[in-house]
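Structure first, then comments.
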Amino acid sequence: MSKQKLVIIGNGMAPGRALEKLFDAAPDAFDVTIFNAEPRVNYDRIMLSPVLSGEKTFEQIVIHGDGWYIQHGIVLYKGHKVVMIDREAKTVTSEHGDVAAYDKLIIATGSSPFIVPVPGNQLAGVVTYRDLDDVHAMMLAAKTGGKAVVIGGGLLGLEAAAGLKAQGMDVTVLHLMPTLMERQLDPAAGYLLQRAVEARGIKVFCKANTHAITGESRVTGVKLDDGTVLPADLVVMAVGIRPSAGLAKESGLTVNRGIVVTPDMRTSDPDIFALGECAEASGQVFGLVGPLYDMAGVVAQNLVGGRAEFQPSATATKLKVTGIDLYSAGDFADMPGREEIVLRDPTRGIYKRLVIENNRILGAVLYGETGDGPWFFDMIKRGTDISEMRETLIFGQGYQGGSQLDPMAAVAALPDEAEICGCNGVCKGKITATITAKGLTDLDGVRAHTKASASCGSCTGLVEQVIKLTLGGSYNPAAVQPMCTCTDLGHDDVRRLIKAKELKSIPAVMQELGWKTSCGCAKCRPALNYYLVCDWPGEYEDDSQSRYINERVHANIQKNGTYSVVPRMWGGLTSAKELRAIADVVEKFAIPTVKVTGGQRIDLLGVKKEDLPAVWGDLNKAGMISGAAYAKGLRTVKTCVGTDWCRFGTQDSTGLGVKIEKFMWGSWTPAKVKMAVSGCPRNCSEATCKDVGVICVDSGYEIHFAGAAGLDLLATQVLGHAKTEDEVIEIIAALVQLYREQGRYLERIYKWAKRVGTESIKATVIENREKRRALFERFVISQTYVQTDPWAARVAGRDAHEFAPLAAFGMAQAAE
Amino acid sequence: MNARTSDWVEVGALDSIPVRGARVVKAPGGDIAVFRAADGAIFALRDKCPHKGGPLSQGIVHSHGVTCPLHNWVISLETGEALGADKGCTPRIPVKIENGTVLISAAALATLAA
C-alpha cells in the first residue's frame, strides 16, 4: 500500500505534537510535507519571554531540530506561506509557487496579534509579540537603549515588559483596565502585581486608553486619550490574539471566530483538519498549550482511523517573569452562586484565591507562593468535593489531614491519573510507568521519554519527586540549593544571570538578583567574586575584600595566625640556587618549620604576616614566584623523571609537566586543581588520583581527569588520548576552562564531572574540535590577565595595608 | 605620635581601613581588630575568635558581622557574640571616629588580656 500524503500548513507547537503522536501510532502511514511561514523549525513559543530577557537562547527552546525532520522524512518548507488551497485538486500552493498534493490536510495557521486600530499603528518601531522575529526586533531595538511602551498589561505584555527592561530599556506598560491581568486577578492582587512590576523599575499606567501612536516615519511616542504623550522609541502591542482563519475562509471552509471544527477536529471538509489557535471547537478558541496539545492528540488518532474527540478542559497558566510567581487555573470569573476563599498576606506579598461552586473548586489564583498550583488544578479537573477540607483548603496540600505532610508524601498520595505536567498533559502514572519500562534514572531521561517538564519547566520539582518515589534512594534530585541564605537562587542560576544580564560587579549582582542581605556573606561573596573574575576577564575588578584571607594575602593562614609560604617549583624541579635562597630566608626570618609537601615543593611554615613581603622579596630575587598553595586555582603539576632518567619512561614527563604548569599557573578555578604527569603506566607521580592527570604511553598521552584523594578517594577516568604535547595542553586547558565556566564555587573537578556527566565533558572537550578550540582560546585570553606574580606585586608595595598594623603600642605608650 | 585626647587614643585614619575590612592595632593587652563595615560603621573587638582564638581581623566582613578565617564562626561586630548555633563572645573595645580619625579607648588599650 502506498503511503498517503499529509500536508500541514503551519509548524507551531500543536502540529509538532500531532506529528509526534502520529509517528508513535503509525510511523510509516504518511509522507509529510510542512509549510512554515516562519523560516525555522518548531520551537517552544511559551519560552520566548526567557529568550527576550536573555535567560535562554533560541537553541535552548527548539523542540524539533533539523535532524528530527530528516529522520522522519518530512519535507519542511521554511519561510513558505501558503496562499491557496485547491480543495478540488487537493493541492496547496505557497507564495513562492511551490505546489504540494495532499490526501489529508491540517491547517495550523495559529493566530495573529491584535493590532490596536489607532493612527500610527503601522509606523516603524511598532512591533507585536508573537514569534522569534518579534523577539529579535525587540532585542535589536533594546541594543540602543531608549524608551519602550508596551500596550497591554496581560500575561504577554508583562513578560515583554520584563524582557525589555532586562535588555536595558526604560519601559512603560499601558493597560486599558483599572488593574493588571484583570482576567486572572482581582483588583487587590492586581495591585500586588503592579507593585512588584514597578519595583523592577517598570512604569505602569492603568486605565490608559491609547489614542494614537505619534511619529513621522518612525514611532516617537504614544498619545493617550487624556492627552498625555509618552515618548517611545519602541511600541510593543500585546493586547491579544485573533485566530488566523483567512486562508481557510478563502478556501470556502466554515469560519466563525476561528475555523469551525467538529469534536473530531475536522473542518467542514472531512479531509481537512484544523488544529491549534486557529481552530474553534464547541464555540471556543484556545490560546494555552494544554488544550492545543489535547487537540493534537485527537488529530493524530483520527488521521489513522481513530474516533477521538476533543473535550475542552480547564487550563492553567503561569507568568514567566523571573522573581514574580503567579499561577492561575480554571475559571475564576465572579458569578452568582460562586463563593470565594481568599488568603492575603500583603507583607509577604502573598495572595491566594479559590473560586468555589457546589463544594468544587472552579478556579485558583496564586500570587507570591505558587507551589500548590498543580494540586488545586488537579482538584479542579477532577471536580473533587472539598467540603471535608474546606477550612484549611487555602493553606494548601501540606495542611491537609491535620499535620503538615512532607512534599514527598503529598506526591505519593497523588493518584496515577493526576496530571503532573500541565503543558504536555503527562500524568503521574505515565511517568512512573515510563521510568520502569525504559529504566530511566534522571530528569533528562524522563523529559526525553515523557515530555514531562520539557516545556515551561514549572513542574520540574514535582517530576523530580515522582522520579524519587519511583526509584527510591538511588535517585538524588538536582534540587536547586540556594547559594546561601542571602538568596534563593542556586549557583547555576546566578551564573546564568550574571552572563545574561551582563552583571559586572558584586553590588550589581546583589541589586539585580534581589539579594536579601546588604552585602552578602562569607559564602556568597567569594563565589560571586570568582564567577565575575571568570566570566569577565580583564573587565571585572577583583574585590579583594570578598576573597578569603589566603587569597587576599597570597599565603596560607595557620592555626596561630601565622602564615605558610610555598614557592613554585615547576614540575617539582628545583636547583641549588633556589634551595640556597630558601635556606637563607629560613634563617633570616627565623621560620620555625620547613617541610616537603605532597605536591613536590617546599613549605615554609610559621611566617609572621608582617614578614611576608620581605620573605617573598628574597625568594623573588632567586627567581621563585608564588606557588599559589592557597588558591582556588592551579596548585602543582607533579611529575616523575620520565625519559630523562628513567629506564621505563616513554615520554619527557618532567618537561611536559613543566610546560603545563607554565601554561596554566595563575588561573582561578572554582576549587583547587592538582595535576600530575607520569612517564609510563607505572604511574610514579600518582596521576590517577588527581584532578587532571597525564599518563605517557608509547603512542602518546592518555589524559585522565576527575580523580580525588582527599575526603573522597576516587580513581580518574580517561578523558581522551593525545598524540603531541601541544594537543595535551590544548585539551587540558579546554577541560579546565569548561570547569571554570560550569563548576560551582568550591566544587572540585570530580564533583563537577559527576554532576554534569563525564560523557558531556568528553563530547565537548574531545569530540567537538570547534568547542575545544573555543574553550582553549577563552582560557588563553583569561590567562593574559592573571599571569603576574602576586608576590612581586606586593613586594613592590601593593596592598601594603594588609601587612602592617594600623598602629602599635608598647607597654609604655599605652600606660602613659 | 599617637596623640591622646582625654580617654581616647588616636590609632589612625579611617580611610586607611578598607571598607568591608579590618586592620589590627597591636597593644600590650593583645591585638585589637578595628572593622569598617559597608555602611561606614566602625567597630573594634579583641582580635581573637571565642572558638579557637582565630584572628578575626583576617575574616570576611559582611553587614555587621565577620566570619573567622579559621573555622567560619560568624561573630557579631555589634555585640562580639557568636551568631547562629555557635556560642561564645569576644570582648568589644570602645571605638569612635572624629574628623576622619579612629580613636579607641585608652583603658582598653592598656588592659592586659585575661
For the protein assembly as shown, whose charge dipole is built from +1 on Lys and Arg Cβ atoms and -1 on Asp and Glu Cβ atoms, the candidate among A:Ile106, A:Val494, A:Val553 with its Cα farthest towards the positive end is A:Val553
Extension gain, A:Gln558 back to A:Ala715 (0.36 nm per residue minus Cα-Cα distance, nm): 53.5 nm
Report, in whole Å, the centroid distance computed from the Cα atoms of the stretch B:55-104 and the stretch A:350-394. 49
Per-peptide average of other Cβ atoms within 10 Å, ordering A:648-660, A:342-354, A:550-562, A:64-76 highest first: A:648-660, A:550-562, A:342-354, A:64-76
Count the net charge of all other residues whose Cβ sits under 14 Å from the Cβ of A:Lys504, scoring Lys and Arg as +1 and Asp and Glu as -1. -4
What average number of partner chain Cβ atoms lie no more than 10 Å from the Cβ of the residues making up A:361-373? 0
Read phi for every residue in the stretch A:727-744 and hand back ³J(HN,Hα) as whole Hz from Karplus 6.51 cos²θ - 1.76 cosθ + 1.60, θ = phi - 60°, with x for Gly and Pro. 5, 4, 5, 5, 5, 5, 4, 5, 4, 5, 5, 4, 5, 4, 7, 9, x, 7
Entries in A:Lys672/A:Lys771; A:Lys468/A:Lys674; A:Lys499/A:Lys523; A:Lys438/A:Lys501; A:Lys5/A:Lys381 that, when Cα-Cα distance is taken, lie over 28 Å: A:Lys468/A:Lys674; A:Lys438/A:Lys501; A:Lys5/A:Lys381
How big is the dipole moment of chain A about its Cα centre under a simple scheme where the beta carbon of each Lys and Arg is +1, that of each Asp and Glu is -1, and everything else is neutral? Debye, nearest 20, please. 1660
Could you pull out every residue, at least 5 positions away or on a different chain, whose amide H is within less than 5 Å of the one on A:Gln4? Hs are placed 1.01 Å off N in the peptide plane, and Pro or chain starts have none. A:Asp31
Going highest first, how would you order A:192-204, A:664-676 by mean Cβ packing within 10 Å? A:664-676, A:192-204
Extension gain A:Ala25-A:Leu224, at 0.36 nm per residue separation less the Cα-Cα distance, in nm? 66.2 nm
Just to check I understand the Karplus step: with θ = phi - 60° and J = 6.51 cos²θ - 1.76 cosθ + 1.60, what whole-Hz values come out for the stretch A:617-634, glycine and proline as x? x, 5, 5, 4, 4, 8, x, 9, 10, 4, x, 6, 5, 9, 9, 7, x, 5
With the crude spin-label approximation of a point 7 Å out along Cα→Cβ, what separation in nm comes out for A:Leu605 versus A:Met84? 9.0
Name the residue farthest towards the positive end of the dipole of the protein assembly as shown from the options A:Thr450, A:Met265, A:Gly337, assuming +1 on Cβ of Lys and Arg, -1 on Cβ of Asp and Glu, about the Cα centre. A:Thr450
If we sort A:639-645, B:56-62, A:171-177 on the protection proxy, mean other Cβ atoms within 10 Å, highest first, what's the order? B:56-62, A:171-177, A:639-645
Phi to ³J(HN,Hα) by Karplus 6.51 cos²θ - 1.76 cosθ + 1.60 over the stretch A:59-76, Hz, x for Gly, Pro: 4, 6, 10, 5, 8, 10, x, 3, x, 5, 5, 5, 4, 9, x, 8, 8, 10
Between A:Thr384 and A:Arg580, how many nm apart are label points set 7 Å from Cα along the C-beta direction? 8.3
Would you please give the residues with an amide H less than 5 Å from that of A:Ile420, counting only those at least 5 places away or on a separate chain, with H modeled from the backbone geometry? A:Val426, A:Cys427, A:Lys428
Measuring from centroid to centroid over Cα atoms, what is the spacing of the stretch A:300-347 and the stretch A:157-219 in Å? 23
List A:His96, A:His801, A:His80 from most exposed to least, where exposure is judged by having the fewest other Cβ atoms within 10 Å. A:His96, A:His801, A:His80
FRET efficiency for A:Phe58 and A:Lys723, Cβ-Cβ distance as r, R0 = 51 Å, nearest 0.05? 0.85
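Efficiency by 1/(1 + (r/R0)^6): what FRET value for A:Glu741 and A:Val118, r their Cβ-Cβ distance, R0 = 35 Å, to the nearest 0.05?
Details: r = 48 Å, r/R0 = 1.36.
It comes out at approximately 0.15.
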For Cα pairs less than 8 Å apart in space and 6+ apart in sequence, what is the mean separation divided by the residue count of the stretch A:126-239, i.e. the relative contact order in percent? 33
Report relative contact order for the stretch A:253-389 in percent, whole number only (criteria: Cα-Cα under 8 Å, sequence separation at least 6). 15
C-alpha center-to-center spacing [the stretch A:77-108, the stretch A:639-657] in angstrom: 70
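Rounded to the nearest 20 debye, what is the charge dipole size of the stretch A:551-631 about its Cα centre when +1 sits on each Lys and Arg Cβ and -1 on each Asp and Glu Cβ?
For the stretch A:551-631, the charge dipole is close to 80 debye.
Using Cα-Cα distances under 8 Å and only pairs 6 or more residues apart, what relative contact order does chain B have, in percent? Each step should come with its number before you reach the end.
On the way: 250 pairs, mean separation 30.8, N = 114.
That works out to 27 percent.
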Electrostatic dipole magnitude of the stretch A:488-541 [Cβ: Lys, Arg +1; Asp, Glu -1; Cα centre; debye, to 20]: 140
Which of A:Phe779, A:Trp616, A:Leu180, positive extreme of dipole for chain A (C-beta unit charges): A:Trp616
Extension gain, A:Arg242 back to A:Lys504 (0.36 nm per residue minus Cα-Cα distance, nm): 90.1 nm
Taking a ≥ b ≥ c as the square roots of the eigenvalues of the Cα gyration tensor, with a/c under 1.5 meaning rounded and otherwise prolate when a/b exceeds b/c and oblate if not, the stretch A:62-109 is prolate
Which residues' amide hydrogens lie under 5 Å from the amide hydrogen of A:Ala314, considering only partners 5 or more residues apart or on another chain, with H built in the peptide plane? none
Counted charge near A:Gln737, where neighbours are those whose Cβ lies closer than 13 Å (Asp, Glu -1; Lys, Arg +1): +1
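Is there a simple number for the mean count of other chain Cβ atoms within 10 Å of the Cβ of residues in B:55-68, and what is it? Each step should come with its number before you reach the end.
Working: counts 6, 0, 5, 10, 3, 12, 5, 12, 6, 1, 3, 1, 5, 2.
Taking all residues of B:55-68 together, the mean is 5.
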What is the average number of partner chain Cβ atoms found within 10 Å of a Cβ in B:38-47? 1
Excluding residues fewer than 8 places away in the same chain, name every one of the lysines whose C-alpha is closer than 26 Å to that of B:Lys26. A:Lys559, A:Lys588, A:Lys608, A:Lys609, B:Lys48, B:Lys52, B:Lys96
Theoretical FRET efficiency, 1/(1+(r/R0)^6), r = Cβ-Cβ of A:Val304 and A:Ala413, R0 45 Å, to 0.05: 0.75
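Only the coordinates and a few stated rules stand behind these numbers; no lab work does. Values in this document were obtained by computation on a predicted structure and should not be read as measured data. All Cβ positions, glycine included, derive from the backbone under ideal geometry; neighbour counts span all protein chains shown.
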